[in-house]
Amino acid sequence: RSHAYRGSASTINRSYQYAVSATDAYGNASPAVLGPKLTPVLYQQTSGVTYTGTWKSSTSGWYLGSVKYSTSKGATATFRTSGRSFGFVTTKTPSRGKVKVYVDGKLKTTLDLRSAVSKFANLAYVVTFGSSATHTIKLVVVSGRIDIDAFMVLK
């Protein structure tokens, strides 16, 4: 089963290890059990991404040094790799648009990237699976400008 998450850029480029313990009705806690160490890996928008339609590049002030963007309805960016979680880093501003997100060929959501407050290096969408495998994220421009700053993979 997959789980989708919309988060912020604060979760990128840090390693995490979670601990879980149970607490009963009397407040007694079990010893903590550590989960695996997880590290998100970022791939610049040019690494392993297939683009169709019209996409342009900008190299000023972006999270990984550059960004690919499109304003062409129907333009696509497809990213395929192995991992347990996948997502993409983008920009939210008043002038951005909408993008459809497909995971393994199935439409998961349509994101509205318009925001009254500008948010750069925003981890806009993440999907997580129960185990590591090869998956594909496909983004389709619906309207406005869509930026692809990077793709994230949790190994």
query = Once phi is turned into θ = phi - 60°, what whole-Hz ³J(HN,Hα) does the Karplus curve with 6.51, -1.76 and 1.60 give for every residue of the stretch 100-107, x standing for Gly and Pro?
reply = 8, 10, 10, 10, 6, x, 10, 5
query = Of the beta bridges DSSP finds with both residues in the stretch 73-134, what % are antiparallel, to the nearest 5?
reply = 95 percent
note = Spelling it out for Ser143: with amide H atoms placed in the peptide plane at 1.01 Å from N, the residues 5 or more places away or on another chain with amide H under 5 Å from its amide H are Lys98
inquiry  = For a quick check: with amide H placed at 1.01 Å from N, whose amide H comes under 5 Å from Lys108's, ignoring anything fewer than 5 positions away on the same chain?
reply    = Val101, Tyr102, Val103
task = For Trp55, enumerate residues with amide H under 5 Å from its amide H, sequence gap 5+ or separate chain, H modeled in the peptide plane.
result = none
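Note down the magnitude of the dipole of the stretch 76-155 about its Cα centre, charges +1 on Lys and Arg C-beta and -1 on Asp and Glu C-beta and zero elsewhere, to the nearest 20 debye.
On the way: 13 positive and 4 negative charges, 21 e Å.
The dipole magnitude comes to about 100 debye.
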key: Whole-angstrom gap from the stretch 114-155 to the stretch 73-91, using each part's C-alpha centre   = 5 Å
key: Net charge over other residues, Cβ less than 11 angstrom from the Cβ of Leu107 (K, R count +1; D, E count -1)   = +3
query = For the stretch 50-142, what number of Lys pairs, 8 or more residues apart or on separate chains, have alpha-carbon atoms under 16 Å from each other?
reply = 17
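Values in this text are rule-based calculations from the coordinates and carry no lab data. All of these numbers come straight from a predicted model, not from anything done at the bench. Note that each Cβ is placed from the backbone with ideal geometry, even for glycine, and that neighbours are counted across all protein chains shown.
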